[in-house]
Amino acid sequence: MTTTVNPVLRVAPAAPAEAAAHFRAGLAFHTDVSDVAAALAADGDPGFVLVDSRSTEAWDQGHIPGALHLPTALVPEQAERLLDRSVPVVTYCWGPGCNGAARAALALAELGYGVKEMLGGFEYWVREGLAFETWQGRERRAPDPLTAPVDAGDCGC
């Protein structure tokens, strides 16, 4: 008798301790839009600097209020002037299809900064109905029902 294994279980799940180590490590490198929004909305210093790593044209189309604009290509020459190494940095770019935030995070880490990447980027910030700024002022779009948090500050995950 032949047992067919489905594609999901063709490779067995990792042992629980290995899985825990893997996911713990992932959380050391990533954060998400809901967590960043909650930290920025709380009273006081969020404890990190939010860096938009996109081009000037993209920044002008819209960016997260309070973010610092530091395009990835300029990190090596401008980071030291703009950022304090003792303050963690959270990078973002357009969205899941863009690796600019990862490249900026790598460049910052290589310069000695503690850094995380915000998963979802600007795209998911806007899709969750959060306010953003353009050269014309603040804007907000209706939340996308497929991505918007179920509760304020909670993605429902």
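Do we have any residue at all in the stretch 53-63 that's of a type in the set (F, W, Y) and under 19 Å from H30 (Cα atoms)? Among the residues of the stretch 53-63, not one is of a type in the set (F, W, Y) and under 19 Å from H30 (Cα atoms), which makes the answer no. Considering the stretch 1-32, and only residues there that are charged (D, E, K, R) and within 20 Å of the chain's Cα centre (by Cα), the residue that is most open to solvent (accessible area, probe 1.4 Å) turns out to be R24. Can you work out which of the residues in the stretch 125-139 that are open to solvent by 60 Å² or more (accessible area, probe 1.4 Å) and farther than 17 Å from A41 by Cα is modelled with the highest pLDDT? My answer is R127. Looking across the stretch 45-98 at every residue that is under 25 Å from R140 (Cα atoms) and part of a helix (DSSP H, G or I), the one that is least open to solvent (accessible area, probe 1.4 Å) is identified as A58.
If the condition is being surrounded by fewer than 17 Cβ atoms within 10 Å (Cβ to Cβ) and within 15 Å of the chain's Cα centre (by Cα), then the stretch 33-44 contributes A38, L40. Within the stretch 59-86, the set of residues being without any contact (Cβ under 8 Å) to a residue 60 or more places away in the chain and hydrophobic (A, V, I, L, M, F, W, C) comprises W59, A67, L68, L70, A73, L74, V75, A79, L82, L83.
Filtering A109, A105 for residues that are part of a helix (DSSP H, G or I), among the small types (G, A, S), open to solvent by 20 Å² or more (accessible area, probe 1.4 Å) and at pLDDT 95 or above leaves a single hit, A109. The set of residues from the stretch 15-44 being in a loop (DSSP other than H, G, I, E, B) and either at pLDDT 95 or above or farther than 26 Å from G129 by Cα (or both) comprises just one member, A15. So which residues in the stretch 112-124 are open to solvent by 60 Å² or more (accessible area, probe 1.4 Å) and touching a residue at least 40 places away in the same chain (Cβ under 8 Å)? Listed by number, the residues that qualify are K116, L119, Y124.
The values are calculated or read from the model by the stated rules, or taken from the named source; none is laboratory data. Everything numeric here is computed off the predicted structure, so don't read it as measured data. So basically every Cβ, Gly included, is an ideal-geometry build from the backbone, and we count neighbours across all protein chains shown. Just the protein is used for accessible areas: all its heavy atoms, side chains included, with ligands, DNA and RNA removed. Shrake-Rupley method; radii C 1.70, N 1.55, O 1.52, S 1.80 Å.
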